[in-house]
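One structure is given here, and the rest of the page talks about it.
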Amino acid sequence: MSESAAAGQAVVRVTHGRGRLRVWAVATRAGRDLCVVIAGGSEPHVGAVAVAQARPSLADAARTSATSSVLTLLGHKDDAIARAAAERLAAALGCTAVVSAGLHVDAATDAELEVLQMRAQRCVEDLLAALTNG
């Protein structure tokens, strides 16, 4: 579900799921670049921050890819979500993208962790759609 508004609005919000498995994302433009927060679960937080910069693909210079760096806070495992989101957004939009990710569910099962990760990916795709079509 997207809460993005008309073209020109600086903030895009998306949400997937409800309750303890709810994941949300907020994106705002910083000039041509992008700042994103992906959070959710029972205790949203900042667990990792990734920055990705668009660049020509190493495999095919006609395609755009991204290179990234990630800072992960002690004891957190949000780096994979942050990195994947930053690289996807930077490559698709041809910009620099900064993504903060923090999802937490107490005593989460492997299945619940997969749901959170899938919902985070869906949020990224919804943000991308809103930013390219809005």
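Residues that are under 19 Å from V11 (Cβ atoms) and of a type in the set (A, V, I, L, M) do not occur anywhere in the stretch 50-72.
As a summary of the residue check, V98 satisfies the conditions (1) within 17 Å of V23 (Cα to Cα); (2) in contact (Cβ under 8 Å) with a residue 60 or more places away in the chain except for the one numbered (1). Here A52 meets each of (1) over 26 Å from G17 (Cα atoms); (2) aliphatic (A, V, I, L, M); (3) exposed (fewer than 14 other Cβ atoms within 10 Å of the Cβ) with one exception, condition (3).
Okay, residues lined up against (1) loosely packed, with under 14 Cβ neighbours inside 10 Å; (2) of a type in the set (K, R); (3) in contact with a Phe, Trp or Tyr (Cβ under 6 Å, 6 or more places away or on another chain); (4) at pLDDT below 95:
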site: A10; (1), (2), (3), (4): yes, no, no, yes
site: R32; (1), (2), (3), (4): yes, yes, no, yes
site: V37; (1), (2), (3), (4): no, no, no, no
site: R63; (1), (2), (3), (4): yes, yes, no, yes
site: T72; (1), (2), (3), (4): no, no, no, no
site: I81; (1), (2), (3), (4): no, no, no, no
site: L89; (1), (2), (3), (4): no, no, no, no
site: T96; (1), (2), (3), (4): no, no, no, no
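Contact map, the stretch 109-134: first residue free of Cβ contacts under 8 Å to residues at least 60 places away in the same chain and within 26 Å of D33 (Cβ to Cβ), second residue loosely packed, with under 15 Cβ neighbours inside 10 Å and not basic (K, R), Cβ cut-off under 9 Å, separation 6 or more or different chains; pairs are N133/A7.
Among the residues of the stretch 55-71, is there at least one that is in contact (Cβ under 8 Å) with a residue 12 or more places away in the chain and either assigned to a loop (DSSP other than H, G, I, E, B) or under 18 Å from G40 (Cβ atoms) (or both)?
Let us first name the residues in the stretch 55-71 that are in contact (Cβ under 8 Å) with a residue 12 or more places away in the chain, namely 55, 64-71.
This time we only want the ones that are either assigned to a loop (DSSP other than H, G, I, E, B) or under 18 Å from G40 (Cβ atoms) (or both), so: none.
Within the stretch 55-71 (the criterion being in contact (Cβ under 8 Å) with a residue 12 or more places away in the chain and either assigned to a loop (DSSP other than H, G, I, E, B) or under 18 Å from G40 (Cβ atoms) (or both)), the answer is no, since none of the residues qualifies.
Among the residues making up the stretch 12-30, those that are modelled with pLDDT of 95 or more and among the small types (G, A, S) are G17, A25, A27.
Can you pull out every residue in the stretch 98-114 that is buried (at least 17 other Cβ atoms within 10 Å of the Cβ) and either among the polar types (S, T, N, Q) or in a helix (DSSP H, G or I) (or both)? Steps first, answer last, please.
We begin by selecting, within the stretch 98-114, every residue buried (at least 17 other Cβ atoms within 10 Å of the Cβ); these are 98-105, 108.
Scanning the stretch 98-114 gives a single hit, S100.
The values are calculated or read from the model by the stated rules, or taken from the named source; none is laboratory data. Fair warning: this is a prediction, and the values are worked out from it, not measured in the lab. Don't worry about glycine lacking a Cβ; one is built from the backbone with ideal geometry, like all the others, and counts go over all protein chains shown.
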